Amino acid sequence: MIKEIYVIDEDLELTETLKRMYNEEKEYNITNVKEANMKNKLKNIPSLVIINEDTMKQDIVEICRYIRNDDDNAITPIIVISSKTDLTHRINIAKESVEYYFKKPLDEQYMYYTIKNLL
C-alpha cells in the first residue's frame, strides 16, 4: 500500500531531501504542497503531513488545528519541522496533537526511522 506523505512547505529542499531518503522504497510517495493549496490537497487524506514551519505565513498552531479539526484528517499524523527552539512554542504545538517536532538542523537518519516507525 502506498503511503502518501505531504510536505507543506514553500520551499522544495525538504521535499527533495525526503525523496532522496526514501528513493529505494517504492511504498512512499512524497508530495510538496504549497500553503495556498493545503486545504484542497488535504481532501485526499494523506498518510502523514510534514510541515516546515519556517516557510509558513499562517500561524503553525492554526495550521495544525485546521488539520486536526478536519474530520477526514483528524487522526493523520503530523510532524512539524522548525528552527524555533522556544519551549513554550513547542508545547503550544504539542497541544494540537502533533506527533513529532523536529528542530533544525535535521538529523536525517533519526527522521528517516521516525517516519518509518510512525507509518
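Here are the numbers for the structure shown:
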{"read-out": "Some residue of segment 80-101 being touching a residue at least 12 places away in the same chain (Cβ under 8 Å), part of a strand (DSSP E or B), open to solvent by 40 Å² or more (accessible area, probe 1.4 Å) and not charged (D, E, K, R)", "value": "yes"}
{"read-out": "Subset of segment 50-79 that is out of contact with any helix residue (DSSP H, G or I) (no Cβ under 7 Å at 6 or more places or on another chain) and in a loop (DSSP other than H, G, I, E, B) - its residue that is farthest from LYS19 (Cα to Cα)", "value": "ASP59"}
{"read-out": "Residue list for segment 1-35, restricted to those being of a type in the set (Asp, Glu), open to solvent by less than 60 Å² (accessible area, probe 1.4 Å) and over 13 Å from the mean Cα position of the chain (by Cα)", "value": "GLU25"}
{"read-out": "ASN44, sole failed condition from (1) without any contact (Cβ under 8 Å) to a residue 40 or more places away in the chain; (2) of a type outside the set (D, E, K, R); (3) open to solvent by 80 Å² or more (accessible area, probe 1.4 Å)", "value": "(1)"}
{"read-out": "Some residue of segment 53-76 being open to solvent by 10 Å² or more (accessible area, probe 1.4 Å), in contact with a Leu (Cβ under 8 Å, 6 or more places away or on another chain) and in contact (Cβ under 8 Å) with a residue 40 or more places away in the chain", "value": "no"}
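The values are calculated or read from the model by the stated rules, or taken from the named source; none is laboratory data. Remember, predicted model here, so these are calculated numbers, not experimental data. Backbone-built Cβ (ideal geometry, glycine too); neighbour counts: all protein chains shown. Surface accessibility is based on the protein's heavy atoms, side chains included, excluding ligands, DNA and RNA. Shrake-Rupley method; radii C 1.70, N 1.55, O 1.52, S 1.80 Å.
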